[in-house]
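The values are calculated or read from the model by the stated rules, or taken from the named source; none is laboratory data. Please read these numbers as outputs of a predicted model, since none were measured by experiment. Backbone-built Cβ (ideal geometry, glycine too); neighbour counts: all protein chains shown. When the accessible area is computed, the model is the full protein with side chains, heavy atoms only, and any ligands, DNA or RNA have been set aside. Shrake-Rupley method; radii C 1.70, N 1.55, O 1.52, S 1.80 Å.
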Amino acid sequence: MKKCKLLLLAVSMVWGGLCLSLGTNHVIAAEALDKAETVEMEENTYAVSDTAYLNLDWLAGAGNEDAATILKLIGNRTIAVDSSLPDFKRINNMNQTFRRINYDALNLYCLANGYTEIMELGCGYSPRGIYMCERGKNYTGCDFASVVRDMRKLTSYLTPQEKKFLHYKMAGVTSEAEMQQAAQDIKFPICMVSEGLWMFLGNGEKKKALENIKKLLDAKGGCLITTDFSFKEYGWNVAEALYPGHGDAIMDETMELYDVVSRDDIGKNLFKSPEEAVKFINSCGLQVKRVPLIYGNYEMDPYSCLSDDQEHQLLNVLSEHYLWVITSDSKRTK
């Protein structure tokens, strides 16, 4: 493992000059940004939350307006790794693209399948709650208490009508009591969403989290959706689409970046193969169905940042079965 120095970087240094893989063209919600003033944030002592800043930064860098608004409100809090990595710009470009596709894929699945109750596990600073409440979907974001308090402040600019659909609850996935409390007012069926969570949990924590999820699905019906269990192959495929022949190097560098930011070795928490992950999930009384990331039309390159070949290769990624739909044995979603 290479040694990388942690630096606190101004947000604009990381995302201001990058757009997906080739250019600079951010379309940001001007009205929301005009209203935005830096919010006083909690002093978060949880290392994993540092990766939430980084993921938000990448999503904003890919042109997501809601992420850019939250990022402006947060101010200079993003943690990144300096240029001692072989090619930080290349890692940045790949991960911006990955985050945009992933964020959109999870959102579109919820909408396409008619879910009106969305519960995000380990929500971090994701703008998904804003996206859902603007569409009249009930959203409950779950995370550490400090993150929850931050997100309530960061979304205070929304209209009273929008905020009726938006809820943040303190709940760790390994705590049955907290999960039950967070979901008590949620109607059914429920679509649980997790993005970038499972790689930070050991097998014992995964087992407890899946048991808690099963109890909620047994009571309410619905599913859990995530791409986390496809992270290695999915990320490699995106990297190869952008930089043919460099997928292995970019994924190695990305994993190193996460190790530094999270102060952990997340590689040890990843399953060796999707088959191993399925077997583990089945052992917790849950079923897995893997489906394509996105069905139908999708605007892959809204800012004209990609070459024709890059766009074509990324469109092929969308057809891969990287989205996991996890349901309970005793009450499966139709």
Carbon + sulfur, % of accessible area of region 103-157 - ligands and nucleic acids excluded, 1.4 Å: 47
Calculated FRET efficiency for the pair Lys89/Arg263, C-beta based, R₀ 25 Å, to 0.05: 0.60
Residues whose placed amide H lies under 5 Å from that of Gly222, excluding near-sequence neighbours: Ile190, Thr333
Apportionment of accessible area to carbon and sulfur, region 276-334, percent (1.4 Å): 44
Point-to-point label distance, Asp218-Gln161, nm (Cα→Cβ direction, 7 Å offset): 4.1
Projected area, mean over directions - region 282-332, Cα convex hull, nm²: 4.7
³J(HN,Hα), Karplus 6.51/-1.76/1.60, whole Hz, each residue of region 60-75, x for Gly, Pro: 5, x, 7, x, 6, 5, 5, 5, 5, 5, 4, 4, 5, 5, 5, x
Estimated distance in nm for a label pair at Ser304 and Lys289, the labels positioned 7 Å out from Cα along Cα-to-Cβ: 4.1
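Note the full-extension length gain between Trp236 and Ser146 as 0.36 nm times their separation in residues minus their Cα-Cα distance, in nm to one decimal.
So the chain would gain 29.1 nm between Trp236 and Ser146.
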Segments 288-299, 237-248 sorted - mean Cβ within 10 Å per residue, highest first: 237-248, 288-299
For Gly141, distant residues with modelled amide H under 5 Å away: Glu120, His167, Tyr168, Lys169
Average Cα contact separation per residue, region 218-334, under 8 Å, 6 or more apart, as relative contact order %: 43
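Evaluate E = 1/(1 + (r/R0)^6) for Asp185 and Asn297, where r is the Cβ-Cβ distance and R0 equals 22 Å; express this FRET efficiency to the nearest 0.05.
Efficiency for this residue pair is about 0.05.
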Accessible area per residue in Å² at 1.4 Å probe, computed on region 44-328: 36
Potential extension, Leu111-Leu315 segment - 0.36 nm per residue separation minus Cα distance: 71.4 nm
Per-selection metrics, region 218-292 (Cα): Rg and Dmax in Å: 14.9, 47
Full-extension gain in nm, Arg135 to Leu270, via 0.36 nm per residue minus C-alpha separation: 45.2 nm
Gyration tensor (alpha-carbon) shape descriptor, region 44-328, a/c threshold 1.5: rounded
Peptides 66-73, 256-263 ordered by average Cβ neighbours within 10 Å, highest first: 66-73, 256-263
Environment charge of Glu240, counting only residues whose C-beta is closer than 13 Å and scoring Lys/Arg +1, Asp/Glu -1: -2
